Each structure stands twice: as C-alpha cells, then as structure tokens.
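> Please see the structure below; I have some questions.
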Amino acid sequence: MKNYDAFPVDALMNITSRPELVFIRGQGSWLWDNTDKRYLDFVQGWAVNCLGHCPAVIADTLARQARRLITPSPAFYNQPAIELAARIVENSCFAKVFFANSGAEANEGAIKLARKWGALNKAGAHEIITFDNSFHGRTLATMSASGKPQFKDLFEPKVPGFFKATINDLDSVTDLISDRTVAVMIEPVQGEAGVIAASDAFLRELRELTRREGVLLIVDEIQTGMGRTGTLWGHQHAGIEPDIMTLGKMLGGGVPLAALVATRAVTCFAPGDQGGTFNGNPLMTAVGGAIMDTVLAPGFLEDVNEKGDYLRAGLVALSERYQLGGVRGRGLLVALDLKRERAGEIVDRARDAGLLLNAPRPQTLRFMPALTVSVEEIDTMLEILNEVVAESRIIT
C-alpha cells in the first residue's frame, strides 16, 4: 500500500491481524487512511465513539480541562470526577462510583467488591456465576469470568471461582448456586457473542432469583451503557435494579474512562482496598461529563431508537433479498446472521469498498455506529453492504 512503508509498524507487538492501512484522521462517522481513502465507520472503536470521531464537544473539553488541571493524584478530590459521579448516581439506582481506565479494570473492581462483600456478609462466599460466550475483559480475572471459547486454554492457570451458566436459561443459573456463591454477573447484551440479548423476562427472573438466594446481581454495561441500546443503561429495558454496574467504552467516548457503580448497601471497600494512579483524573472525567450532558439532552435517546429501528429495517430488507439470517439487537447495537461462515470475507470486501464492519462470529456481522450517525449514512452503509453481499456470491 502506498506510503505504508513509511510507518514502522514492526515496532508494535503483533496481537491481532491488521490490514495494511494506517488511519490518520477521523470526523463523525468517517475515517481517512494514509492514502487519504475515506471509510464509513460502523465499528467506531468497538462501540466506543458514541459521538463519532473527534466531536467538538470532546476536543473542546479536553483542551479546556488540559489547561486547567490534568491530574492531581487520586489521593485528592477533583471537581470533574465529583460532578460526573453525581450525574451517574442521579440517573441510576446506584449510590457510589469508582472511576477506572478500562472496562476490564471496572469489571475487575466489581469482582473484588463482590468478593469482599461476600467475606463480610456471606461467610466468605466468593464464587461468581457468569455465562457461556460472555466477555468481561482481558485481565486474568476477567478472562476467567468470561465464557469466550478462545480463552479456554489461554494463560493457564486461570483465576478460580467462576462458573458458567447459559443465557436465558434460569435453571442453568439455579443449578450452580451454592452457599459459596456471592454474585451473578451478566451482560444485558453479549456483544462479542454476536449481539445475543438477555431477554427482559430473564433479567427480571434473574433479579428475583438473586434476591431470594441472597447473592448480588452485577450487570456488565461496558458495551450497552450510555445509550447504546436506546436507554441510558441497558438493564432499564427490563425495569430491574442491580446491585453493581460496570461502565466503559462510551462513557469516555474515545478516551480511557470506565466506572464501577454500586448501591450503598454493597459498597464495602475500605481505604487501600482499591485504587489506581490515573483513576478518576479530571481530564478524562471532564469528557465523561460532557458526554453525559449530550446523551441526556432532550430527544437524544429517542433519536437513537428511531435510527436503530431504521437500521434494523434496512438489514431485514437486505437479508430477505439475499435469503440471509435474522437481524437482532437493540438501539444501535445490531447484528446480521449470514447463515454461513463468510463474515470475515464480507468484512474484508466491505473495507476495500470503504466500509468498516465487525465480525464477532464467523457467520455474524455486528453494526456499532456512532449514536450520532445520520439516516443518510445508514443508507450509504446499506448500499455498500448490498453491493458487497451481491458480489461475494453468498446468495443461496
């Protein structure tokens, strides 16, 4: 590729298969590479850039806060962190917030908080029930909690104490509960599994079960929180109140920011139990505050739902045209089942045509555009995808 040799990519560790292009700049739903080729981005950093690439609200907030205070150390309070924590609490059923730098770190904190709660309140109960095909992060503990098949034999020995149930199968959870169980941890939508949602009925039953059994309910909202599914938090569709929630990705809109959020009754960390050098620094939490202001603005979430309906309708029409599989998802987290293991090929062909998509499973395409994506950009994506599917000869 032209100009590719000018970038010393060999200095980077090889942790994933990357195409031979280097992105130079982005704006809204679009990215430009080192040859100035433009791409319509329906990945957005794996559902991170909720307001698109380089939105003015983030750029302006970073510049303004960087001139004022970047980090005073987590040993001291700072104004943006206090204000963002208050906004989260005001708009949720939770009472306390701990800021982190990544979703994995937030989930690690949730595991630690649950285990300490179990030590104090449940005779040392420490086991956590999670779900097959779940994804909670890449630390050793969060990989152990995850049900991702590719993690099964990687970096052994894993952290013990995690047991896997089946999503939307309450009996599979009930069968695993013992006096050693401290919590159940679930994603409202399993994004890495191919956008597999926990049904509202299942989440309500799970909440009833965990309360009856005296164990905590943790919702991992790293991908579903901050409006991705059309409500501020994904679990709100089911009308439940969990004990612990974790946030990441869209909370920072592209900057490293995550959060562990808990009810007052569950919060039991003592000074020194939890921390982090950069956690809750004002530069990042100022951005989080600006994003919350945007997402909570009148009409924003309604617009996400309308565009999500429009995207799903377009994908359903495409699926019917080429006899593909089902379309699933909520808000602007959507998947298309191809019914055949050609997703990687479709992703490659789409990228060549100027469209960025994600294939979380061999037969599944995932669509995670910015929440600010326009109807016209959705139409453009559907036009390109239609051409790619037609040319790929996957029609039955």
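> With the structure loaded, tell me whether LEU324 is over 29 Å from LEU251 (Cα atoms), touching a residue at least 40 places away in the same chain (Cβ under 8 Å) and not assigned by TED's automatic domain parsing to the domain that holds ILE196 or whether it fails that test. Don't jump to the end; show me each part of the working.
Values: over 29 Å from LEU251 (Cα atoms): yes; touching a residue at least 40 places away in the same chain (Cβ under 8 Å): yes; not assigned by TED's automatic domain parsing to the domain that holds ILE196: yes.
Against the criterion (over 29 Å from LEU251 (Cα atoms), touching a residue at least 40 places away in the same chain (Cβ under 8 Å) and not assigned by TED's automatic domain parsing to the domain that holds ILE196), LEU324 qualifies.
> Taking the options ALA47, ALA86, ALA59, ALA114, name whichever one is under 17 Å from GLY288 (Cα atoms) and touching a strand residue (DSSP E or B) at 6+ places or on another chain (Cβ under 7 Å). I'd like the intermediate steps shown before the answer.
Details: ALA86 fails: touching a strand residue (DSSP E or B) at 6+ places or on another chain (Cβ under 7 Å); ALA59 fails: touching a strand residue (DSSP E or B) at 6+ places or on another chain (Cβ under 7 Å); ALA114 fails: under 17 Å from GLY288 (Cα atoms).
Criteria check complete, one pass: ALA47.
> Please pick out the residue among SER178, SER134 that is surrounded by 21 or more Cβ atoms within 10 Å (Cβ to Cβ), among the polar types (S, T, N, Q) and either on the phi > 0 side of the Ramachandran plot or assigned to a loop (DSSP other than H, G, I, E, B) (or both). Lay out the reasoning, then the answer.
Numbers: SER178 fails: surrounded by 21 or more Cβ atoms within 10 Å (Cβ to Cβ).
Criteria check complete, one pass: SER134.
> From the set of residues in segment 96-131 that are part of a loop (DSSP other than H, G, I, E, B) and within 15 Å of the chain's Cα centre (by Cα), which is nearest to LEU217 (Cα to Cα)? Quick ask: steps written out before the conclusion?
Within segment 96-131, the first condition is being part of a loop (DSSP other than H, G, I, E, B), and the residues that meet it are 101-102, 122-126.
Of the ones still in play, those that are also within 15 Å of the chain's Cα centre (by Cα) are 101-102.
Details: ASN101: 23, SER102: 21 Å.
Checked segment 96-131; the qualifying residue nearest to LEU217 (Cα to Cα) is SER102.
> Sticking with this structure for a sec: Can you name every residue in segment 258-289 that is among the polar types (S, T, N, Q) and within 12 Å of ALA95 (Cα to Cα)?
Of the residues in segment 258-289, the ones among the polar types (S, T, N, Q) are 263, 267, 274, 277, 279, 281, 285.
Correct list: THR263, THR267.
> From the list LEU84, LEU51, pick out the single residue that is in contact (Cβ under 8 Å) with a residue 12 or more places away in the chain, aliphatic (A, V, I, L, M), crowded, with 21+ Cβ neighbours inside 10 Å and part of a loop (DSSP other than H, G, I, E, B).
Values: LEU84 fails: part of a loop (DSSP other than H, G, I, E, B).
Just a single option satisfies the conditions, and that option is LEU51.
> For PHE151, indicate whether it is free of Cβ contacts under 8 Å to residues at least 60 places away in the same chain, surrounded by 15 or more Cβ atoms within 10 Å (Cβ to Cβ) and in the same structural domain as GLN236 (by TED's automatic domain parsing).
Details: free of Cβ contacts under 8 Å to residues at least 60 places away in the same chain: yes; surrounded by 15 or more Cβ atoms within 10 Å (Cβ to Cβ): yes; in the same structural domain as GLN236 (by TED's automatic domain parsing): yes.
The answer is yes for PHE151.
> Taking the residues in segment 156-168 that are surrounded by 12 or more Cβ atoms within 10 Å (Cβ to Cβ) and without any contact (Cβ under 8 Å) to a residue 24 or more places away in the chain as candidates, determine which candidate is farthest from ILE111 (Cα to Cα). Working first, answer last.
First, the residues of segment 156-168 that are surrounded by 12 or more Cβ atoms within 10 Å (Cβ to Cβ): 158-159, 161-168.
With without any contact (Cβ under 8 Å) to a residue 24 or more places away in the chain added as a condition, the list becomes 158-159.
Numbers: LYS158: 14, VAL159: 11 Å.
Among them, the one singled out is LYS158.
> In this structure, is ALA335 over 18 Å from the mean Cα position of the chain (by Cα) and either surrounded by fewer than 16 Cβ atoms within 10 Å (Cβ to Cβ) or touching a residue at least 60 places away in the same chain (Cβ under 8 Å) (or both)? Steps first, please.
Details: over 18 Å from the mean Cα position of the chain (by Cα): no; either surrounded by fewer than 16 Cβ atoms within 10 Å (Cβ to Cβ) or touching a residue at least 60 places away in the same chain (Cβ under 8 Å) (or both): yes.
When the stated conditions are applied, ALA335 does not pass them.
Here is a yes/no grid of residues against (1) polar (S, T, N, Q); (2) touching a helix residue (DSSP H, G or I) at 6+ places or on another chain (Cβ under 7 Å); (3) in contact (Cβ under 8 Å) with a residue 40 or more places away in the chain; (4) on the phi < 0 side of the Ramachandran plot:
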{"position": "LEU217", "(1), (2), (3), (4)": "no, yes, no, yes"}
{"position": "ARG228", "(1), (2), (3), (4)": "no, yes, yes, yes"}
{"position": "GLU241", "(1), (2), (3), (4)": "no, no, yes, yes"}
{"position": "ARG264", "(1), (2), (3), (4)": "no, no, yes, yes"}
{"position": "PHE269", "(1), (2), (3), (4)": "no, yes, yes, yes"}
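> Could I ask something else about it? Pick out the one residue from ASP132, ASP153, ASP169 that is at pLDDT 95 or above and farther than 16 Å from GLY194 by Cα. Step through it out loud before you land on a result.
Numbers: ASP132 fails: farther than 16 Å from GLY194 by Cα; ASP153 fails: at pLDDT 95 or above.
Only one candidate qualifies: ASP169.
> I'd like the residue in segment 304-320 that is in contact (Cβ under 8 Å) with a residue 12 or more places away in the chain and more than 16 Å from MET381 (Cα to Cα) and, out of all such residues, is surrounded by the fewest Cβ atoms within 10 Å (Cβ to Cβ).
Per the criteria, the residue is ASN305.
> Oh, and also: What's the total number of residues in segment 149-166 that are outside any strand (DSSP E or B) and of a type in the set (Phe, Trp, Tyr)? Outline the logic, then answer.
Taking segment 149-166 as the starting set, the residues that turn out to be outside any strand (DSSP E or B) are 149-161, 166.
If we keep only those that are of a type in the set (Phe, Trp, Tyr) too, we end up with 151, 155.
Here the count works out to 2.
The values are calculated or read from the model by the stated rules, or taken from the named source; none is laboratory data. Predicted model only: the values in this text are computed from it and were never measured. Cβ sites come from the backbone with ideal geometry, for glycine too, and all protein chains shown count toward neighbours.
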